[in-house]
Amino acid sequence: MFKLPEQINNIFKVFKKNGFEIYLVGGSVRDLILKKNPTNWDFTTNANPQQIQHLFPQSFYHNDYGTVSIPLESKSQENSIIVEITSFRKESNYSDFRHPEKISWAKTLKEDLARRDFTINAIAYDKKTIIDYYNGQKDLNDKIIRTVGDPDKRFREDALRLIRAIRFASQLGFFIEENTRKSIEKNASLISKISWERIRDEFLKILASNHPVEGILFLRNTRLLKYILPELDICFSIPQKSPKRHHIYDVGTHLVMALKHCSLPDPITRFATLIHDIGKAPTFKKDEKTGLITFYNHEVVGTKIAQKIAERFRLSNKQKEKLIRLVQYHQFTVSEIQTDKTIKRFIRNIGKEYLDDIMALRFADRLGSGAKPDSWRFKLFRKRLIEVQQEPFKITDLKVNGYDVMRILNIKPGPKVGQILKEIFDKVTEKKLPNERKILLKEIKKTLKI
Ligand code: ATP
Ligand code: MG
């Protein structure tokens, strides 16, 4: 019925030849029905993990979940095929809202599908027919996320499902069915039982999805945001409409609007865009007489908050650095009267590798405050960013200048000053000396002895 890659067909063949039941489930079945190309393949089978490993000696077993992974050779790295095979399981006792106390094996596909989270994830395919006990195809067609069975019970068994529901809604552009949504709201506090690593994975998937804004609003409306990103949640109660200010939205709405306009797909760039003004909540001040609202030093306070968030979300060092730097330097001015020196300092501060990201953030920030895009100014700034980076290294780029030479050598302005600077410049361009102030000052002192 569906055309499958050769290696996937082969997996069906090997299991069936050995007398086992084998079905595709989860994301790949969803994708096949939606006519998208599946990226990862989850199977379920009545073979036990040892039997699976016996059929595929190159596989390995993660015994926490009863899942066996099979690495498959692929011609191109990008299209590498990931296959995970899980033996039929059923739900057993959950005492901590996270893991069942032990894995309980099931005998039938029906039992296995009953323990899956959402109806759209509980459809199986055996290469001939689609097996759909919970009307997953109808929900897929109607664009609905709905738990398999009673939502309260399912979310209490495993609270990760609370945020998974929102992740799937954001990725697929679906609605969350009314009872499921109400139950998420009711059980929101249980998310605190889940490890930050797992919350982070789901949260970054929401940000990287096609509907990140809807995802954040779902999180807010179901009260999950309060538990995972309280610093953002309070921003929705911070006004910024005030005399002499162009802002029309409260801080939270502005941040979400900025996210909406972020043109880059990277989840960390989007994360930074979403929290760039997070320091405005603690720095909010309103002058009672004039009604003027200020957020003095908000980017400094915001940088500290971003740091805390990065740690809490267990971001990698690289992700952490990027998130913090983008928040720290988001306030730069884009103006045609800036000097090259100012632009160079800006590049040094943010770091060359994050230039595209900070530009996307700044552009989104502007659009997200209801201001005009101001495209020509951005275009010019971008052009200058490239130009100043291409400029050759000049004497004026040295970390010492004529005043240093005159002071150290106790001489008056004159050709000698330029001559000494030129000698130092030559050494730096020939890489005999680094362009570091301390070292260059010493070098000037040396000429005194000669
Ligand atoms: P994708 O791989 O695109 O993220 P997926 O639906 O395949 O989406 P996985 O996390 O790979 O999601 O899980 C595979 C399947 O396992 C799901 O479709 C679902 O049937 C089941 N599953 C995963 N996590 C849970 C959970 N916490 N509770 C219940 N069932 C789950
Ligand atoms: Mg999957």
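Considering the range 316-358 alone, what residues qualify as being hydrophobic (A, V, I, L, M, F, W, C) and in contact (Cβ under 8 Å) with a residue 24 or more places away in the chain?
From the range 316-358, those hydrophobic (A, V, I, L, M, F, W, C) are 323-324, 326-327, 332, 334, 337, 343, 346-347, 350, 355, 358; that's our starting set.
Passing the criteria: Leu323, Leu326, Val327, Phe332, Val334, Ile343, Ile347, Ile350, Leu355, Ile358.
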Cβ-Cβ under 6 Å, sequence separation 6+ or interchain: first residue in the range 216-237 and under 19 Å from Asp201 (Cα atoms), partner small (Gly, Ala, Ser) and open to solvent by 50 Å² or more (accessible area, probe 1.4 Å). Which pairs? Tyr227/Ser192
Can you tell me which residue within the range 203-249, out of those that are aliphatic (A, V, I, L, M) and under 24 Å from Glu178 (Cβ atoms), is surrounded by the most Cβ atoms within 10 Å (Cβ to Cβ)? Leu219
For the range 165-202, what are the residues that are open to solvent by 60 Å² or more (accessible area, probe 1.4 Å), closer than 20 Å to Val29 by Cα and within 16 Å of ligand 2 (Cβ to nearest atom)? Gln171
When the range 1-33 is examined, which residues are found to be part of a loop (DSSP other than H, G, I, E, B), surrounded by fewer than 18 Cβ atoms within 10 Å (Cβ to Cβ) and not hydrophobic (A, V, I, L, M, F, W, C)? Lys3, Pro5, Asn18, Gly19, Glu21
Residue count, the range 326-372 (criterion: open to solvent by less than 30 Å² (accessible area, probe 1.4 Å), of a type outside the set (A, V, I, L, M) and at pLDDT 85 or above): 8
For Lys285, which of the numbered conditions (1) out of contact with any Ser or Thr (no Cβ under 7 Å at 6 or more places or on another chain); (2) open to solvent by 60 Å² or more (accessible area, probe 1.4 Å) fails to hold? (1)
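For residues that are part of a strand (DSSP E or B) and either under 22 Å from Asp126 (Cβ atoms) or among the small types (Gly, Ala, Ser) (or both), tally how many sit in the range 44-69. Spell out how you get there, then give the answer.
The initial filter retains those residues of the range 44-69 that are part of a strand (DSSP E or B), namely 44-45, 60-62, 67-69.
Okay, now just the ones that are also either under 22 Å from Asp126 (Cβ atoms) or among the small types (Gly, Ala, Ser) (or both), so 44-45, 67-69.
Final tally of qualifying residues: 5.
Going by what's in this entry, would Thr294 be described as assigned to a helix (DSSP H, G or I) and of a type in the set (Ser, Thr, Tyr)? Spell out how you get there, then give the answer.
Working: assigned to a helix (DSSP H, G or I): no; of a type in the set (Ser, Thr, Tyr): yes.
It is false that Thr294 is assigned to a helix (DSSP H, G or I) and of a type in the set (Ser, Thr, Tyr).
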For the range 116-226, please list each of the helices (runs of 4 or more DSSP H) lying entirely inside it that holds at least 1 residues being at pLDDT below 95. 151-157
Would you confirm, using the coordinates I've provided, whether Gln51 is surrounded by 13 or more Cβ atoms within 10 Å (Cβ to Cβ), within 22 Å of Leu113 (Cβ to Cβ) and away from ligand 1 (no atom under 16 Å from the Cβ)? yes
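Applying the selection to the range 34-48, what residues are within 16 Å of ligand 2 (Cβ to nearest atom) and open to solvent by 20 Å² or more (accessible area, probe 1.4 Å)? Walk me through it before giving the result.
Of the range 34-48, the ones within 16 Å of ligand 2 (Cβ to nearest atom) are 34, 36-45.
Those that are within 16 Å of ligand 2 (Cβ to nearest atom) and open to solvent by 20 Å² or more (accessible area, probe 1.4 Å): Leu34, Lys36, Asn37, Pro38, Thr39, Asn40, Asp42.
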Run Pro265 past the list (1) within 17 Å of Ile358 (Cα to Cα); (2) out of contact with any helix residue (DSSP H, G or I) (no Cβ under 7 Å at 6 or more places or on another chain); (3) open to solvent by 60 Å² or more (accessible area, probe 1.4 Å) and report the number of the one that doesn't hold. (2)
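The values are calculated or read from the model by the stated rules, or taken from the named source; none is laboratory data. Quick caveat, the model's predicted, so the values are computed rather than measured. Methodologically, a virtual Cβ is constructed for each residue, glycine included, from the backbone with ideal geometry; neighbour enumeration extends over all protein chains shown. What goes into the accessible areas is simple: the full protein's heavy atoms, side chains included, and nothing from ligands, DNA or RNA. Shrake-Rupley method; radii C 1.70, N 1.55, O 1.52, S 1.80 Å.
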